1. Assuming R0 = 56 Å, can you tell me the calculated FRET efficiency for the pair ILE814 and ALA562, based on Cβ-Cβ distance, to the nearest 0.05?
2. How many nm is it between the label spots at GLU77 and ASN142, if each spot is 7 Å from the Cα in line with the beta carbon?
3. Per 0.36 nm of contour for each residue apart, how much would the distance between THR669 and PHE100 grow if the chain were fully extended, relative to their Cα-Cα spacing?
4. Convex hull volume of the Cα atoms in the chain, per residue, in Å³?
5. So, counting K/R as plus one and D/E as minus one, what does the shell of residues with Cβ under 12 Å around PHE521 add up to?
6. When you count, for each residue, the other Cβ atoms within 10 Å and take the mean per peptide, how do 778-791, 726-739, 328-341 rank with the highest first?
7. With the crude spin-label approximation of a point 7 Å out along Cα→Cβ, what separation in nm comes out for LYS551 versus ARG690?
8. With no solvent and one point on each alpha carbon, what is the Debye value of log10 I(q)/I(0) for the range 599-660 at q = 0.21, 0.25, 0.26 Å⁻¹?
Amino acid sequence: MQEIEELMQAITALETQRPKLGDDVVDSALEPLHVRLAALDASQPAGRQRRLVTILFLDIVNSTSLSQGLEPEEVQEIIGGTLKRLSFPIESHGGQITQFMGDGFVAVFGLRHIHENDARQAVRAGLAILGEANACAADLENHYGIRDFMVRIGINTGRVVPGRFSEGESPVMGLTVSLAARMEQAALPGSLFISQFTYQHVRRAFEVNLLPSIAAKGFPQPITVYQVLSARPRTFRTFTRGVEGVETTLIGRANELHQLKLHLKQAVKNRQTRLVTILGDAGVGKSRLLYEFDKWLAQPSRRVMAFKARASPQMTSIPFGMLREMISYHLELLSTDPAQLTRQRLVERLASIVPDQAEMKAHFIGSLLGFDFSASPFLRGVQDDPNQLQERAWIYLTECFSKVANLSPTVIMLDDLHWADAPSVSFISHLMKECPGIPLLIICLARPALAERFPDWGTDQPAVTPLESITAYSPHKHTLELAPLSRENSLALMDEILRNVEELPVDLRDRILDCADGNPFYLEEYIQSLVDAGVIQCGPGETRWKLDAEKLGRLELPNTLAALLEARLDNLSLVQRVLVQQAAVIGRVFWRAALQAVHGKKPIIEADLEDLSRRGFIIPQETSTFAGTDEYRFHHALLRDAAYQTLVKRDRQAYHDQVAGWIIVSTLTSQRSGEFAPIIAGHYEAAGRRELAADWYIQSGKTARKQGAPTQARLFFDRALGLLPANVDATTPTVELDRHWQALLGRDDVLGILGDTEGRLADDTALVMLARIIGNEELLAEAYYRQGYYLGVKGQYRQEWEVYNLGLEASRRIHDLRYEALILGLKVFCAVHLGDLEAAAQTSQAALHCAESLGDLEVLARTLTNVSLYYTETGDMARSARMLEHQLEINQQIGNIEGQVIGLSNLGYVYILLGMPAEAIPVLQRCTRIAWDNGIRSFFAYSRLNLGLAYLRNGNPVSAVTELEECLPDLHSMNDILDYGTGHTYMAMASELGGQVDQALALYNQAAEVLKGIGTMGNMFDAEAGVARCLLAVSDRRSAVEHVFPLQDYLKQYSGAGMEFPVLAYETCADVFTALGETAQARRAVGAGYGELLVRAGKISLPEWRKSFMERVPEHQRIRMRWLDYMNATQE
């Protein structure tokens, strides 16, 4: 006994030095002392062995003064009743009142049954008591006039030797109890104090304040004290307990842990973002390594901001699911928190990081993550543009991480990255690329399958092999490959786990080592199977484990892990095996309430869950993501998978159905069911509930589209359609037709975003057919609108025109002004492409009238944009500019930034046509800046295309080529054939201006071929005119005239309609004819060109703009002077 007391004093002395020496030093020094103490404990008589318990002392502050003026029986009734109320949280958190002391009580956690979360439950009980004390204070003041009622609480954790209960005496005594009492005496009224020994068990689970150390009798060094402020709703770290609760040290990974620490130090010292990917097979120890690193980070001396998330198989298809998990963890959000609270916390947190426009940025980020911001005024105008929403949210989220890291070194820890959703992984790559120079360390844990899902992970270069793609790109991107433990380290781990076994036969030891093959999880499972089989016997409270030689002789150890896990499941009781199977349906992480919903009406017995935890099947988590229920986690994903595979189909389907229902009910109040839509859909699909699964997949697709994740959205819509009947007709129930329409419409949208034009057109056709079957004219008008638009994208303008006519007929039959206005607006542009300017003029008037009658500002802005293009094409640029200015005003009013970008881009283009490129350049530069800052990549390309033309017309071909070379690949990837071909015309003009005739000729020919292929004859003849000029420049007059004749015919027939540079085309004809000596023809070409110039100039209402158009456009000035020369020559 004396040696035990001496060891206890030594351990206590070392614990008091933890704040100074650090966890690593203290833990290393304590290890041999704990081993010796365990051995001495084992030698104690049964019933006299020490137990690790947590003691809670409560005292009513100033109870004597509170009772003044009251009768003794009243005091007894008040104090007794109040203490009874305050004792309820003790019982509900698993504690036991051992002694009432007049105006207080003592409670013990872990007295009869030890739980690994006893200390955390004691602290939670203490916080609950403080809350109940506030309610008691209000009641006492209302009923008895007693004011300032408060309690104080002290908690300590340590080992005691339990005695027997006797009236008025506590069954526990000693230094552990004394220190708990000292904590209570030190506590302030209305507060909860804990000792450093309790803190070691609960750190990171609660918000605490470190207080000055205090002296305590029996302790040679001052004791560190913490005030507990509140519970943290969520924790990331998984607290492992090992086989039968034996905790082991980190074995065989010291070098890797040192490397992680070094990477953090280098990231901070050099201010550089570093990525470390830890690769290893399942069970090899990745999570344990991260656990130890996280524990090291948690030391108070290290002020590091940590963001953490763990992916799961269910998360794979949830857009930005891992990113949302990380932000939710950081904001301490529960899945059951009301949507309003979620929005509020996100805004408040961002305001503390980026005060400038924090609310707006929070709304974009929240919408990206899948939170409900549908009513946000900041998102008006971008709700239907997922690309813009995603790209702006990325910009704002990147800004937040940059600001956080610049304020404090930051670590992002991502576990099971191989299960992460692709958009989250893309954002992490984007963050590394955009923020290379901040003190940020990103640690990712993954199995080797990561390279199959994300072959370019960790590199901006094409992958040569999966491994090279992860490791080769940058000195700041590293891979740690966790190999299996060496046999020596495996033996060391086994010895630690089995340190309480008297002697393990060598042949059994070797057999286990051979089967485990260096995998720590396999090793633990094999040892646990020996415990399950009764070969190793370790009863509750026993510190020495016995080996049953008879059972060992009959033991047949499975050769594979799968067989081993199945054998372990078979050794469970029927009730426990069913519980494990039902939990496996929920997922690797599950909740007791969900398990109860699946289990049925019969209550789950606490002892069964405790036994499953003790036997290493499940691990209770410190906190839960769902309020009001405990959260658990399977010890390993492989264990969960093994349990799931043992279920028969009928039970599996029934359980999945019940899980889906529980998730819906649990998130109904918080209005956040939509965030779990993919998980709900997956459960319903596994349950065989095809219609319900399709409904939730459709909702998942809609959410993913809004988040800017079109690839995931397409997968959801595909799965929904795959669950629905392939063929529908007029006899199909209405609800089925509507479900089919929603799924097809959703996929149609995302196919357009993804640039799958052929797939989009196929779905457009299917929508038309389905709308006819449904018999709904509004749906039919929408289907034709969609079909026509994408026929135009493909350059099939004649078919586009015919489809728009069908759409107009459908919309007019039901007087649907919205789709009538939208279709008319697009029909204007189509008429211009067809060269039918008369039809375009008539349609323009009808479109404007319809849009103005509708009163929808967004539709009016879109109509103004389309109609302004017609007036630009026909030369009435003053009217076009006025429409664009009106469009800008509307889009600013409704907050549509994309619409503003379109307006600025088009306005800049009008300035160019008016001969005002110097004025156009700042407008277009502003346009590109807004497009880039707000992530509007498509219109960023369009505005750069126009900026290239502005530089060209301003006499700066070098800058023009720079802009055009940057935007042409984007236009090609967007499948915008018209602008891609037009961009080549601009490139050719820049080469021609720079004297590179051969290059210009090749580019003009390429542009003409592309534009001819889509039937845009006006733009094609702009390129053909360039070909003729280049041929003339190299003295190939014959070939030049072959290109001029069809050009001349087009000019005669259409007067340059649909051409960007009609006067330049007239001038080209004149130059070729002059070179051939055809003076009369040349003069007629000049006259026709000058006449067309006057016609177009006459449409410009502002005199200064008309003058600029006549004199500042180079070819306009040249043809004007040429015509005047002809006139002067004639007069002479």
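Read-outs throughout are calculated quantities, based only on the coordinates presented, and are distinct from any laboratory measurement. These numbers come from a predicted model, not from an experiment. When we count neighbours, we look across all protein chains shown, and the Cβ atoms used for this are built from the backbone with ideal geometry, even at glycine.
1. On the way: r = 62 Å, r/R0 = 1.11.
For R0 = 56 Å, the calculated efficiency reads 0.35.
2. Taking the two extended label points, one gets 1.8 nm.
3. Numbers: separation 569, 0.36 × 569 = 204.84 nm, distance 4.06 nm.
Difference between extended and current length: 200.8 nm.
4. Values: hull volume 244.6 nm³, N = 1132.
Dividing the Cα hull volume of the chain by its residue count gives 216 Å³.
5. On the way: positive: LYS286, ARG288; negative: ASP281, ASP517, GLU524, GLU525.
Value of the local net charge: -2.
6. With the highest mean Cβ count within 10 Å placed first, the list reads 778-791, 328-341, 726-739.
7. Placing both labels 7 Å along Cα→Cβ, they lie 5.0 nm apart.
8. Normalising to I(0) and taking log10 leaves -1.17, -1.34, -1.32.
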